[in-house]
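Have a look at the structure below, then the notes.
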Amino acid sequence: MQLNPSMKHELIRKSVRHFAETELAPIAAEIDRDAVFPRSIIDKMRALNYFGLQVPREFGGAALDTISTAIVVEELSRVCAAVGLCVTVHNGVAVYPVLRFGTREQKQQYLSRLANGEMIGAFSLTEANAGSDAGSVETTAVKINDDYVLNGTKIFVTNGGICDLALIFALVDPEGARPANGVFIAESGFPGFVRGEVENLCGMRANPVSSLFLEDCRVPEKNILGKKGDGLKIGLVTLDNGRIGIAAQALGLAQGALEAAVKYAKERHQFKKPISSQQTIQNYLADMFTEVAAARLLLYRACALKDEGVRFGTEAAMAKLYCSKVATGVTSLAVQIHGGYGYSKEYDVERYFRDAKVTEIYEGTSEIQRMVIARAVLSEMRL
Amino acid sequence: MLKLIVCLKQVPIVTELPWDEQAGTLRRDLASGMMNLACLHALEAALQIKEQYSADILAITMGPPAAEEVLREAIALGADRGIHLCDRIFAGSDTYATSWMLARTIKQECPDYDLILCGSYTSDSETAQVGPQLAEELDLPAAAYIEKLEIHGRTLRVRRLVDNFRETLEMEFPALVTVSLENYKPRYAGLSGLEAAFDTGNIDRLNAADVGINKSAIETDGSRTKVRKVFLRKANKENILLTGTAANVVGDFLSKYESKISWAIGKDIEEDRNDE
């Protein structure tokens, strides 16, 4: 069992870290404060294949394995989790289902443009009354001639404010004999595709999370992803993959907070010595370091299983549950180690602390992850 | 098609380099490596030549197995292939031995080159010797610390800043330059290129025997220098209050710190004052 990173993975890590520290670090606090999506940096990322992480080369992607993909998200999020979020949602839950379930025509139409970042993707399942309960979407899709006409309101859509394409989960033929869940590839330019205001959120503020209003939005029938009744299946398979990305994002946040805490603990003097010489602080740092290392192993194991082509859903849920828990815990301790300064926007750990919380909420709350994991425990462990 | 060779070195990531102050040693084993910054600038210069003309770029490095990483990175950025000189008997080579071994490798593996590009110096030893010594070994015209280059037929025109003068030099191919940090800002490696560099990148690993070097040759033509000790230069801060009239303060200031001020501004102020 190979537990050490390969030379390729290390070089990808160094390369993304260099980019993030050079391009994102100088603006991360500012774009968080002003809730601005950094378009010029996103443009640079397009040219470096950050939007086609696992897309095959024939469509202009980077064809990375899943560990490399996780490393990319981890390293971006170590510096700026909001940009890490844009990348992981685009790749993990917008591009991935098109790659996995798309027809040849859909792939030809969309994959290259998604992979080169010309189109930024979003995943649009959550509604006022549907989220954890994915089967309860109320957005409707009614067939009229060669189009489906979509009506409904989606909320908390990551990348919603800037996406060029969204995967819309809807109830197909709600008045028909057999209503079924379906997924539609909707371009932002389709008539009736209306963006709501960008949400005023606690963290991830540089990502334009918004509502989407579908007001008689006409989507061609050929834009149904998979079959008409496949919506729930596509959603669950996609979220299994997305969870790896959110786990990577949480891990990057925890790593960034840990490094900031170590640096501060060595610099900050109280009682005429650095606070890192106090046993209490050492205990905090030891726990943080251990938890981050454990989280990384759990995440990379889920990635390795996916690359082996075997079932990875339970491991992805475990990684997401644990990495997000570590992220909230480690960022909280990083604030604690910084004392009053940690509560100030002058220091990055304040942002990390706010950003971390949502990793326990989106792409399946921790409670949902536990449901998924418990199901596996009870079915697999026949004692 | 122009044939370019870029010599690269893997150096420790400085911020990660643990320093044992008492023993006076760098714990290189604990630090991960990166491509030396000036080498990245040299590679960028080569890539820009390749974009402007038709060119083939061969990247060469000498170092332990982990140094292969800089060749993969070079291929990800646009180099066409790599040669990795890797043998335990190369360990501890000084700049003389390194340039001698690089020269042997180049003569054997790619004698028909047009231009060799090196970084002007490395961040871990800062001798700036390998490039010029390699030019001597290969008997090539060379210019160090160049900040710009142009190619006119078989003529290379380079610009460099030396002793506050900007020089423009010309030489015929084949030639060697060492590239400064002034221009040729390195590009970022794309993820697609990084993946492909490991997937399909062409790197030959050569040991001492492959390039006709044996242990006795290393003993005869090997390293001429030995590092006895490495120490960290410390700057101490000291606050000094000068009092009295303005004329006294200025006079005191100049007489106490004359040599330091002269050094800082690059001008002998004692001479100036005597002239007055």
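Region A:210-256 and region A:112-149 have Cα centres spaced 8 Å apart. Over chain B, dividing the summed -39,500 (n - 2.57) contributions of all DSSP H runs of at least 4 residues by the number of residues returns a 222 nm mean residue ellipticity of -10500 deg cm²/dmol. Computed over neighbours whose Cβ is under 9 Å from that of A:Ala319, the net charge equals +2, Lys and Arg +1, Asp and Glu -1. Each residue of region A:108-119 was assigned a 3J(HN,Hα) from its phi angle through the Karplus expression (A = 6.51, B = -1.76, C = 1.60, θ = phi - 60°), giving 5, 6, 10, 4, 4, 6, 6, 5, 8, x, 4, 10 Hz with x at Gly and Pro. One Cα centroid belongs to region A:341-383, the other to region B:64-87; the line between them spans 40 Å. Relative to the dominant Cα principal axis of chain A, helix A:66-79 is inclined by about 60°.
For chain A, which longest stretch is free of loop sites, where a loop site is one of the trypsin sites (Lys or Arg not before Pro) that DSSP puts outside H, G, I, E and B and that has at most 16 other Cβ atoms within 10 Å?
A:1-226
Comparing Cα centroids, region B:180-230 and region A:1-40 end up 27 angstrom apart.
Between B:Gln52 and A:Val310, the modelled label-to-label distance comes to 5.5 nm, taking each label 7 Å out from Cα in the direction of the beta carbon.
Taking θ as phi - 60° and the Karplus parameters 6.51, -1.76 and 1.60, the scalar couplings of region A:326-341 work out to 4, 4, 5, x, 5, 5, 5, 5, 4, 4, 4, 5, 6, x, x, 5 Hz in sequence order, x denoting glycine and proline. Structure remark: mean-square fluctuation, Gaussian network model of chain B, C-alpha springs under 10 Å; the largest value among B:Ala79, B:Ala196, B:Ala67 belongs to B:Ala196.
Database remark: amide H of A:Glu127 closer than 5 angstrom to the amide H of A:Ile155 (H placed geometrically; neighbours at sequence offset of 5 or more, or on other chains; Pro and chain starts carry no H).
Bear in mind these aren't lab numbers, they're just calculated from the coordinates by the rules spelled out. Model, not experiment: these values are computed from the prediction. Virtual Cβ from ideal backbone geometry, glycine too; neighbours counted across all protein chains shown.
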